[in-house]
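First comes the structure, then the notes that go with it.
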Amino acid sequence: MSTLALDRIQSSLTRLKLSRMGEILGQVIKTSEEEGKSYLSFLEELLEEEVACKEQRRVETALKISGLPFIKSIDEFDFTFQHKLNRQKVMSLFDLTFIQQKANVILLGPPGVGNYRKFLLMARKKNICLLYTKCSFISFHNTSQ
């Protein structure tokens, strides 16, 4: 491919705000030529990368907007520390049926028992943000001031 054509394509990708495609174009061209891929396979690979990049940015932005001060995963939560905590009930929150029912989830308990962390675990699973649903974290301490 000529340098002039490649420059015009890069310019068009920039104008269309397809930054990931611009970043990987040269590499994908080279790989496609070496492997003898079809034009459709070449285009599909570029588009998949761009879509994945935009989706990742959307999730990161949604998590920032949510107001969560830090992010943890459910794998890090120690259910043995909270022996009265019903693991099945906590895990059932991840099916997000409460969102379809337009219900709220309120996690109550004394300080230091992990209520705040349970909410963070839910958000980290990205289920809420991946469903294009807005979520907000508000601590009771902040509302009472």
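The values are calculated or read from the model by the stated rules, or taken from the named source; none is laboratory data. Quick caveat: nothing in here was measured; it's all calculated off a predicted structure. Cβ: placed from backbone, ideal geometry, glycine included. Neighbour counts: every protein chain shown.
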Can you tell me which residue among 93, 120, 47 is in a helix (DSSP H, G or I), within 30 Å of residue 24 (Cα to Cα) and either at pLDDT below 75 or of a type in the set (A, V, I, L, M, F, W, C) (or both)? 47
Residue list for region 1-44, filter: exposed (fewer than 14 other Cβ atoms within 10 Å of the Cβ) and outside any helix (DSSP H, G or I): 1, 2, 16, 17, 36, 38
